[in-house]
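The structure under discussion appears below in the form of structure tokens.
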Number of protein chains: 2
Amino acid sequence: MATDLRNATGANVRVACRGGHLVSPTPGLALGYVQANLVILPRDWAFDFLLFCQRNPKPCPLLDVTEPGEPELKTVAPGSDLRTDLPAYRVWQNGELVEEPYEITKYWRGDLVSFVIGCSFTFENALLAANVPVRHIEQNVNVPMYRTNIACNPAGKFGGPLVVSMRPLTPSQVVKATQICSRFPRAHGAPVHFGDPSTIGIRDIHKPDYGDAVEIRADEVPVFWACGVTPQAALMHAKPPFAITHKPGHMFLTDIKDVDLEGE
Amino acid sequence: MATDLRNATGANVRVACRGGHLVSPTPGLALGYVQANLVILPRDWAFDFLLFCQRNPKPCPLLDVTEPGEPELKTVAPGSDLRTDLPAYRVWQNGELVEEPYEITKYWRGDLVSFVIGCSFTFENALLAANVPVRHIEQNVNVPMYRTNIACNPAGKFGGPLVVSMRPLTPSQVVKATQICSRFPRAHGAPVHFGDPSTIGIRDIHKPDYGDAVEIRADEVPVFWACGVTPQAALMHAKPPFAITHKPGHMFLTDIKDVDLEGE
């Protein structure tokens with residue numbers, strides 16, 4: 001099934017999730033379609049989180065936000081149902097992870113607001129298309145991610161550190177990657193740092209806080225991008241009584257294409 | 001005073017407003033500093049309006065949003081006081097304009113959220129610096145603005161038409177202006193249309209809905225940009241019980257520079 005879904009549409013992947021046929025990670029599925037991070041919060045926490053995203057657009061580039069109680073993403077995925085259309089979810093209570101279900105119908109409430117946030121897969125596809133290598137894809141592992149000493153701009157109770165992902169590149173590839181990623185501000189945009197990891201508070205580049213370590217070759221520097229795990233760190237910081245997110249790597253597939261996110 | 005303020009800082013202009021020395025329009029003041037549109041709403045209307053801005057980034061590019069009750073713009077104008085630092089305001093009740101005061105201290109409440117939105121002056125300065133002419137500045141009149149038949153993406157009760165501003169240019173200037181304005185997504189960005197005004201529902205280009213008509217020469221086409229009057233049209237559409245905005249042309253001066261808005 002996963003193999004069939006590589007050349008499927010975003011809608012095909014959502015239907016597979018809805019039917020219970022897909023419960024595994026989504027990298028490589030529906031190639032060319034935008035994949036997204038998901039955060040669901042009660043209405044009375046939604047303003048502060050929307051403000052947090054507005055103030056931190058590099059880690060939290062919003063693709064769409066629903067009205068309270070609306071489970072369909074009418075703009076980027078008409079006909080979708082956010083309660084069933086992801087392979088796996090995380091349910092949070094008071095900032096603690098309490099369950100990782102495959103659907104969230106029983107948790108749904110009329111006051112829930114859903115935030116759909118751009119994802120690095122979009123710019124990784126653009127890098128690969130331009131022959132800029134992506135090491136964790138070559139090594140078939142998860143991208144390495146690190147908590148930094150860069151504080152996000154707080155909003156209400158939301159705050160915490162910027163989380164970054166890392167891909168090693170040669171200097172000329174760094175230039176090319178900066179040009180390419182600058183075209184995708186709604187998929188984390190240009191890198192936030194490259195070179196010495198300690199400058200941004202990373203003690204050991206070989207021990208990521210999330211994901212897997214990857215090889216950094218002698219002619220390469222580590223390059224750091226704002227990461228979509230940042231909003232989950234902000235949730236753990238704010239400790240809202242109730243929240244739902246996607247399970248990392250198990251993203252929401254939209255109907256829009258990576259190329260649609262180019263430019264403004 | 002206005003002449004002295006041409007080469008002043010944004011903070012100088014705010015202090016002049018606060019002291020009651022400046023009650024006139026701000027175009028041309030504190031050249032190089034970002035000027036901004038202002039919308040103030042009660043907390044219980046703020047989520048929907050923030051969502052409206054998120055869904056309509058070309059007419060409503062957010063520069064900053066305050067916490068409820070906070071009159072200082074800590075990010076873009078530390079030390080500012082939104083209650084006194086604009087030359088003139090508009091007070092709205094149920095979508096109707098009820099007063100145009102020079103300060104709003106008596107209206108201030110602990111639940112008010114302020115939205116500071118990018119303004120076309122930023123890209124006009126960049127156009128002029130690149131020798132792209134701006135007709136209404138040449139003619140020393142207000143920019144012509146039009147209500148279009150393009151609907152904004154609604155959010156809660158907020159909706160209504162996209163309002164555009166118009167500047168006539170030759171085709172080669174249109175290309176140059178598109179390149180320049182694309183660099184300023186937080187100041188309305190690239191044009192939304194050029195050429196036939198009827199395509200976007202404008203009946204008579206010589207009769208703008210707001211501002212003044214300007215000359216369009218034989219070798220020029222009208223070029224249309226998303227306009228910061230759009231959020232005021234959205235307020236009239238949503239009819240919140242209470243709102244405050246700047247008086248058109250009487251903008252809020254920030255401490256950030258136009259060049260700071262370049263790129264992402």
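Suppose we filter A:P161, A:P133, A:P171, A:P144 for residues that are crowded, with 21+ Cβ neighbours inside 10 Å, more than 21 Å from A:T254 (Cβ to Cβ) and of a type outside the set (D, E, K, R); which single one remains?
Values: A:P161 fails: crowded, with 21+ Cβ neighbours inside 10 Å; A:P133 fails: crowded, with 21+ Cβ neighbours inside 10 Å; A:P171 fails: crowded, with 21+ Cβ neighbours inside 10 Å.
Selected residue: A:P144, the only one of A:P161, A:P133, A:P171, A:P144 that is crowded, with 21+ Cβ neighbours inside 10 Å, more than 21 Å from A:T254 (Cβ to Cβ) and of a type outside the set (D, E, K, R).
Out of the strands (runs of 3 or more DSSP E) lying entirely within region A:10-97, which hold 3 or more residues that are closer than 21 Å to A:W225 by Cα and either touching a strand residue (DSSP E or B) at 6+ places or on another chain (Cβ under 8 Å) or more than 14 Å from chain B (Cβ to nearest Cβ) (or both)? First the steps, then the outcome.
On the way: elements: A:33-42, A:62-65, A:89-93.
In region A:10-97, the matching strands (runs of 3 or more DSSP E) lie at A:33-42.
Under the condition of being within 30 Å of B:R83 (Cα to Cα) and of a type in the set (K, R), the residues counted in region B:112-171 number 2.
Table: residues versus (1) surrounded by fewer than 19 Cβ atoms within 10 Å (Cβ to Cβ); (2) without any contact (Cβ under 8 Å) to a residue 40 or more places away in the chain; (3) within 25 Å of A:C181 (Cβ to Cβ); (4) hydrophobic (A, V, I, L, M, F, W, C).
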site	(1), (2), (3), (4)
A:I104	no, no, no, yes
A:G110	yes, no, no, no
A:S114	no, no, no, no
A:N140	yes, yes, yes, no
A:T148	no, no, yes, no
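Pick from A:G156, A:G118: which is under 16 Å from the mean Cα position of the chain (by Cα) and not basic (K, R)? Before you say what the answer is, go through the steps one by one.
On the way: A:G156 fails: under 16 Å from the mean Cα position of the chain (by Cα).
When all the criteria are applied, what remains is A:G118.
Output yes when any residue across region A:38-45 is over 18 Å from the mean Cα position of the chain (by Cα), among the aromatic types (F, W, Y) and surrounded by 17 or more Cβ atoms within 10 Å (Cβ to Cβ), and no when none is. The answer is yes, given that some residue of region A:38-45 is over 18 Å from the mean Cα position of the chain (by Cα), among the aromatic types (F, W, Y) and surrounded by 17 or more Cβ atoms within 10 Å (Cβ to Cβ). Residues in region B:77-86 include at least one that is among the aliphatic types (A, V, I, L, M), at pLDDT 95 or above and more than 27 Å from B:M145 (Cα to Cα).
With respect to the conditions (1) more than 25 Å from A:T254 (Cα to Cα); (2) over 14 Å from the mean Cα position of the chain (by Cα), A:V113 lacks only one, and its number is (1). If you go through region B:216-232 and pick out every residue that is over 20 Å from B:I137 (Cβ atoms) and surrounded by 22 or more Cβ atoms within 10 Å (Cβ to Cβ), you end up with 3.
Just so you know, in region B:238-248 the residues that are buried (at least 17 other Cβ atoms within 10 Å of the Cβ) and not in a helix (DSSP H, G or I) include one that is nearest to the other protein chains (Cβ to nearest Cβ), and it is B:P240. Taken over region B:147-165, the residue count meeting the criterion of being more than 29 Å from A:V113 (Cβ to Cβ) and in contact with a Lys or Arg (Cβ under 9 Å, 6 or more places away or on another chain) is 1. Checked against (1) under 20 Å from A:R6 (Cα atoms); (2) β-branched (V, I, T); (3) modelled with pLDDT of 95 or more, A:T122 meets all criteria but (3).
Pairs are defined by a Cβ separation below 8 Å, a sequence spacing of at least 6 or placement on different chains, a first member in region A:237-264 that is in contact (Cβ under 8 Å) with a residue 60 or more places away in the chain and over 16 Å from A:T84 (Cα atoms), and a second member that is among the basic types (K, R) and surrounded by 19 or more Cβ atoms within 10 Å (Cβ to Cβ); the pairs so defined are A:L261/A:R186; A:E264/B:K58. Considering region A:193-213, the residues that are out of contact with any strand residue (DSSP E or B) (no Cβ under 7 Å at 6 or more places or on another chain) and of a type outside the set (G, A, S) include one that is nearest to A:A155 (Cα to Cα), namely A:R203. I'd like to check something: does region A:47-64 contain any residue that is of a type outside the set (D, E), over 17 Å from the mean Cα position of the chain (by Cα) and farther than 30 Å from A:V221 by Cα? Yes, region A:47-64 contains a residue that is of a type outside the set (D, E), over 17 Å from the mean Cα position of the chain (by Cα) and farther than 30 Å from A:V221 by Cα. Scanning region A:168-192 for residues that are out of contact with any strand residue (DSSP E or B) (no Cβ under 7 Å at 6 or more places or on another chain), away from chain B (no Cβ under 11 Å) and part of a loop (DSSP other than H, G, I, E, B) turns up just one, A:T170.
What residue, among those in region B:121-138 that are assigned to a helix (DSSP H, G or I) and among the hydrophobic types (A, V, I, L, M, F, W, C), is nearest to the chain's Cα centre (by Cα)?
B:F121
Looking at (1) part of a helix (DSSP H, G or I); (2) among the hydroxyl-bearing types (S, T, Y); (3) more than 14 Å from every other protein chain (Cβ to nearest Cβ), can you tell me which one A:T148 breaks? Unmet for A:T148, out of (1) part of a helix (DSSP H, G or I); (2) among the hydroxyl-bearing types (S, T, Y); (3) more than 14 Å from every other protein chain (Cβ to nearest Cβ): (1). Among the residues of region B:66-74, is there at least one that is among the acidic types (D, E) and modelled with pLDDT under 95? Yes, some residue in region B:66-74 is among the acidic types (D, E) and modelled with pLDDT under 95.
Scanning region A:167-195 for residues that are among the charged types (D, E, K, R) and farther than 14 Å from A:D258 by Cβ gives A:R167, A:K176. Collect the residues in region A:193-215 that are on the phi < 0 side of the Ramachandran plot, surrounded by fewer than 19 Cβ atoms within 10 Å (Cβ to Cβ), assigned to a loop (DSSP other than H, G, I, E, B) and in contact (Cβ under 8 Å) with a residue 24 or more places away in the chain, keeping them in residue-number order. A:I205, A:D209, A:D212, A:A213, A:E215 - these are the residues of region A:193-215 that are on the phi < 0 side of the Ramachandran plot, surrounded by fewer than 19 Cβ atoms within 10 Å (Cβ to Cβ), assigned to a loop (DSSP other than H, G, I, E, B) and in contact (Cβ under 8 Å) with a residue 24 or more places away in the chain. If we scan region B:161-174, do we find a residue that is small (G, A, S), farther than 17 Å from B:N37 by Cβ and within 20 Å of the chain's Cα centre (by Cα)? The answer is no, given that none of the residues of region B:161-174 is small (G, A, S), farther than 17 Å from B:N37 by Cβ and within 20 Å of the chain's Cα centre (by Cα). Only a single criterion out of (1) assigned to a loop (DSSP other than H, G, I, E, B); (2) at pLDDT below 95; (3) within 19 Å of B:L97 (Cβ to Cβ) is not satisfied by B:L235, namely (1). Can B:P208 be described as under 19 Å from the mean Cα position of the chain (by Cα) and away from every other protein chain (no Cβ under 14 Å)? Taking the combined requirement at face value, the residue satisfies it.
Consider A:A88 carefully, then state whether it is touching a Phe, Trp or Tyr at 6+ places or on another chain (Cβ under 9 Å) and more than 22 Å from A:L261 (Cα to Cα). Judged against the criteria, A:A88 is a match.
The values are calculated or read from the model by the stated rules, or taken from the named source; none is laboratory data. Worth saying up front: this structure is predicted, and the values here are computed from it rather than measured. Don't worry about glycine lacking a Cβ; one is built from the backbone with ideal geometry, like all the others, and counts go over all protein chains shown.
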